[in-house]
1. What is the spin-label model distance, in nm, from Ala116 to Ala103 if the labels are put 7 Å beyond Cα along the C-beta direction?
2. Classify region 19-230 as rounded, prolate or oblate, taking a ≥ b ≥ c as the square roots of the eigenvalues of its Cα gyration tensor: rounded when a/c is under 1.5, otherwise prolate if a/b is larger than b/c and oblate if not.
3. What is the spin-label model distance, in nm, from Leu170 to Glu62 if the labels are put 7 Å beyond Cα along the C-beta direction?
4. I need to check one value: relative contact order of region 19-230, counting alpha carbon pairs closer than 8 Å and at least 6 residues apart, in percent.
5. Let a ≥ b ≥ c be the square roots of the eigenvalues of the Cα gyration tensor of region 100-198; is it rounded (a/c under 1.5), or, if not, prolate (a/b larger than b/c) or oblate?
6. Report, by chain and number, residues whose modeled amide H sits under 5 Å from the one on Glu198, excluding near sequence neighbours (fewer than 5 apart, same chain).
7. Each residue of region 180-190 in turn: what ³J(HN,Hα) in whole Hz from Karplus with 6.51, -1.76, 1.60 and θ = phi - 60°, glycine and Pro shown as x?
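Values quoted throughout were computed directly from the atomic coordinates according to the rules given, and no laboratory measurement underlies them. As the structure is a prediction and not an experimental result, all values here were calculated from the model. Neighbour counts are summed over all protein chains in view; Cβ atoms, including those assigned to glycine, are modelled from backbone coordinates with ideal geometry.
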Amino acid sequence: MTTSPSSPEPPPGGPALSVDVVLPCLDEAAALPWVLRRIPPGWRAIVVDNGSTDGSGGVARELGATVVRETRRGFGAACHAGLTAATAEFVCFCDCDASLDPADAVPFVDEIRAGAADLVLGRRRPRGRGAWPPHARAGNTALALLLRRRTGLRLRDLGPLRAARRADLLALGIADRRSGYPLEMVVRAADAGWRITEHDVPYAPRTGASKVTGTWRGTWHAVRDMSRVLQEQPGREGVTP
């Protein structure tokens, strides 16, 4: 069962912000130094090691991040493990491959704190050749259109850089543990009447090979998982196997 989002926090000048950044991680040792250097001061990085074999967990610890191990493979499993490990008032999600700058989420949190939005998403704007392969972009566009039919939301991207309040996200009861997790978050938030906004963010070529949308096969699996989420009826519960 979903609940209405919490009341806005006091305006700037009140208590210090409490923000955790969830970073799902699978073999991202090469990208982690750049990503963790870009975590805003005072924010905590939670790196969720989803079965890395390149020492990513150790690299993250050496760089001062909190490391959570999630043995169940899947993007959604890693995201949710990070969410449940978070303790901050606000939680941001960001890919751990250096394609997105976690510092770009600062205005997202400010917007939520000011009471102007409940969930803020980053609309990816490619910077550099190969930043967003055509097949991945096509799959995202198709899903955005299906999402509009399902919820009425006019979003152009379902990007992984996003922010919301931790307690409100947990109350949504997101069930998918694979590639459908990001979309289910948006669908459940829309069904609950959340105010959802979208802002442009730079999107650079990732470091290393993509585990999800870097190939046609990976994109197909992601679209399949997300399409399954869109077939759920409002209020329907269930965990994706």
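1. Once both label points are built, they end up 2.1 nm from each other.
2. Cα axes put region 19-230 in the rounded bin.
3. 3.3
4. 25
5. oblate
6. Leu121
7. Result, ordered by residue: x, 4, x, 6, 4, 4, 5, 4, 5, 5, 5 Hz.
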